[in-house]
């Protein structure tokens, strides 16, 4: 089991169900509370199992935001997050709408990056997300999202219940994170997913529409790799072939 204090990672896969609450709090506390902007992306069921909308960190962050995924009641009245509120909130009604989830996360990142805050993200959980979208789609989403979070130097961790998935699926997600904290597997990752380069995966965002392409991968042309902007329809079709 990997320790938290010395992992030196910017994106973490958290697979320890027994100690995940403590680990989650430690990962959020990795940045000083006085300059920390803390974003929680969660599903209503996961929120009920833990602490509602409360933070697991030990210190009150300077800013805190919540994205509730699959929350029909909240999303019915949601527009854009009100960043002047004490705790800005957003909601995505359809948990299978990865574009909307990514765009919402990016809005928080953009706002807080402008304020020069240290951004930390808790995504709870990939297991819940995999109940609503294919393994391939969630894998691609994580690749693109990790690139976006890296662009604002965010420290992010993603919860995954290894008991809910085949070892090959767990290994596949292990392959795109800096480190896995908790249970790991020596199984082979799903080759059809991992053979693609980071730029190939990021190019798939071009199929998510103009808003998602710029908000998830980067907010301007300068924030996107040249290989992404030059990817053709044939490149994307070739990547998807056989998946």
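The values are calculated or read from the model by the stated rules, or taken from the named source; none is laboratory data. This is a predicted model, so every value here is computed, not measured. Virtual Cβ from ideal backbone geometry, glycine too; neighbours counted across all protein chains shown.
Scanning the stretch 1-29 for residues that are assigned to a loop (DSSP other than H, G, I, E, B) and either under 25 Å from residue 85 (Cβ atoms) or modelled with pLDDT under 55 (or both) yields 1, 2, 3, 4, 5, 6, 29.
Check the stretch 158-173 and report whether any residue there is in a loop (DSSP other than H, G, I, E, B), in contact with a strand residue (DSSP E or B) (Cβ under 7 Å, 6 or more places away or on another chain) and farther than 18 Å from residue 132 by Cα. No, every residue in the stretch 158-173 fails to be in a loop (DSSP other than H, G, I, E, B), in contact with a strand residue (DSSP E or B) (Cβ under 7 Å, 6 or more places away or on another chain) and farther than 18 Å from residue 132 by Cα. Within the stretch 148-157, the set of residues being part of a helix (DSSP H, G or I) and closer than 19 Å to residue 42 by Cβ comprises 148, 149. Residue count for the stretch 31-45 under the criterion of being in contact (Cβ under 8 Å) with a residue 60 or more places away in the chain and either crowded, with 17+ Cβ neighbours inside 10 Å or assigned to a strand (DSSP E or B) (or both): the result is 9. Looking at (1) assigned to a helix (DSSP H, G or I); (2) in contact with a helix residue (DSSP H, G or I) (Cβ under 7 Å, 6 or more places away or on another chain); (3) closer than 28 Å to residue 32 by Cβ, find the lone condition where residue 136 falls short. The failed condition is (3).
Condition check ((1) within 13 Å of the chain's Cα centre (by Cα); (2) within 22 Å of residue 23 (Cβ to Cβ); (3) without any contact (Cβ under 8 Å) to a residue 40 or more places away in the chain) across all residues:
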residue: 101; (1), (2), (3): yes, no, no
residue: 106; (1), (2), (3): yes, no, no
residue: 113; (1), (2), (3): no, no, yes
residue: 120; (1), (2), (3): yes, yes, no
residue: 124; (1), (2), (3): yes, yes, no
residue: 135; (1), (2), (3): no, no, no
residue: 142; (1), (2), (3): yes, yes, yes
residue: 149; (1), (2), (3): yes, yes, no
